[in-house]
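Everything on this sheet refers to the single structure shown next.
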Amino acid sequence: MFGSLPKHPDGEGSVQVQLDPDIRIDTAKVFAIYGKGGIGKSTTSSNLSVAFSKLGKRVLQIGCDPKHDSTFTLTKCLVPTVIDILESVDFHAEELRPSDYVYEGYNGVMCVEAGGPPAGTGCGGYVVGQTVKLLKQHHLLEDTDVVVFDVLGDVVCGGFAAPLQHAERALIVTANDFDSIFAMNRIASAILAKSKHYGVRLGGVIANRSRNTDEIDRFVDAVGLKRLAHLPDLDIIRRSRLKKSTVFEMEPEPESGLEAAQQQYLDLAQRLWDGVEPLEAHPMRDRDIFDFLGFD
């Protein structure tokens, strides 16, 4: 099913694992969420998944990180990963049932943690491929309206770029600082490279954990990206994760910004469901973005 090297390189010089072209997600809208490590992708993904469910959509969130903590605010626990479950049956996938690896989270969001290979071994692309294959074999994707891939850090090479082979739109989470924007630029370059061979397109940018968005806006204007939402650095969002909860489960507090944050997620979900235009961005070279964001 998987080759170590593709016959037709996935971009010049690439050794990206190629998934079986017959294993596709073609019955749901698929979004892949990337961003610098620690920027809040899992918080964003989980709250966005709930927002989609609040709009009446059937939602599946797939965590693509060996830490397997993407969905714990939805399920209130760290669920076993697909790789853990496969290993327990000596990789005889035919012995598995959906209940072995799919868990229902808050407001009906279905949750899967793909997991990852042991450090220094294997390929994340295999993990993602096996996860989608299982979902397809058990006909779970046929009952899904939205799939959200929450992807490890800013790793957009190798196996963890595999969700881009399934996604319709890729979204980038960023803060209003140099490191986050620098990572966003490189992620945008990777997504554009994949868009030459797959159906994925850049959908836009989500500003997160930022009081202001001036540097984000200056950058996206310069390269042709677009900011879709702004989630400020609110303490109640931070506390929601500590409580293993989404923002939609938190009790209202005076001047906490909770209701505005909930509305941001709902508006973003509606905007994505209605369809965002693909962006033809022009990322900067590393030296150019360093000069663009740097100060004398």
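The values are calculated or read from the model by the stated rules, or taken from the named source; none is laboratory data. Values in this document were obtained by computation on a predicted structure and should not be read as measured data. Cβ coordinates were reconstructed from backbone atoms using ideal geometry, including for glycine residues, and neighbour counts include every protein chain displayed. The protein model used for the area step is the full one, side chains on, heavy atoms only, and it has no ligands, DNA or RNA in it. Shrake-Rupley method; radii C 1.70, N 1.55, O 1.52, S 1.80 Å.
May I ask you to list pairs of residues, at least six apart or on different chains, whose Cβ atoms are under 7 Å apart, with the first in segment 62-91 being in contact (Cβ under 8 Å) with a residue 40 or more places away in the chain and the second being part of a helix (DSSP H, G or I) and basic (K, R)?
Close Cβ pairs (under 7 Å, with a partner that is part of a helix (DSSP H, G or I) and basic (K, R)) amount to T73/R241.
Could you tell me whether segment 119-136 includes any residue that is modelled with pLDDT of 75 or more, open to solvent by 20 Å² or more (accessible area, probe 1.4 Å) and not in a helix (DSSP H, G or I)?
Checking segment 119-136: not a single residue is modelled with pLDDT of 75 or more, open to solvent by 20 Å² or more (accessible area, probe 1.4 Å) and not in a helix (DSSP H, G or I).
For segment 181-191, what are the residues that are in contact with a Leu (Cβ under 9 Å, 6 or more places away or on another chain) and either open to solvent by 40 Å² or more (accessible area, probe 1.4 Å) or within 19 Å of A28 (Cβ to Cβ) (or both)?
Residue satisfying the conditions is F182 alone.
When both residues are 6+ apart or on different chains and their Cβ atoms are under 9 Å apart, which pairs have a first residue that lies in segment 210-235 and is open to solvent by 80 Å² or more (accessible area, probe 1.4 Å), and a second that is among the aromatic types (F, W, Y)?
The qualifying pairs are R218/F292.
Kindly indicate whether any position in segment 70-79 is under 28 Å from R239 (Cβ atoms), out of contact with any helix residue (DSSP H, G or I) (no Cβ under 9 Å at 6 or more places or on another chain) and either modelled with pLDDT under 95 or not β-branched (V, I, T) (or both).
Taking every residue of segment 70-79 in turn, at least one turns out to be under 28 Å from R239 (Cβ atoms), out of contact with any helix residue (DSSP H, G or I) (no Cβ under 9 Å at 6 or more places or on another chain) and either modelled with pLDDT under 95 or not β-branched (V, I, T) (or both).
For segment 268-296, which residues satisfy the criterion of being of a type in the set (D, E) and more than 22 Å from A51 (Cβ to Cβ)?
E280, D286, D288, D291, D296, listed by residue number.
Which one of these does D20 not meet: (1) in a helix (DSSP H, G or I); (2) modelled with pLDDT under 95?
With respect to (1) in a helix (DSSP H, G or I); (2) modelled with pLDDT under 95, D20 is out only on (1).
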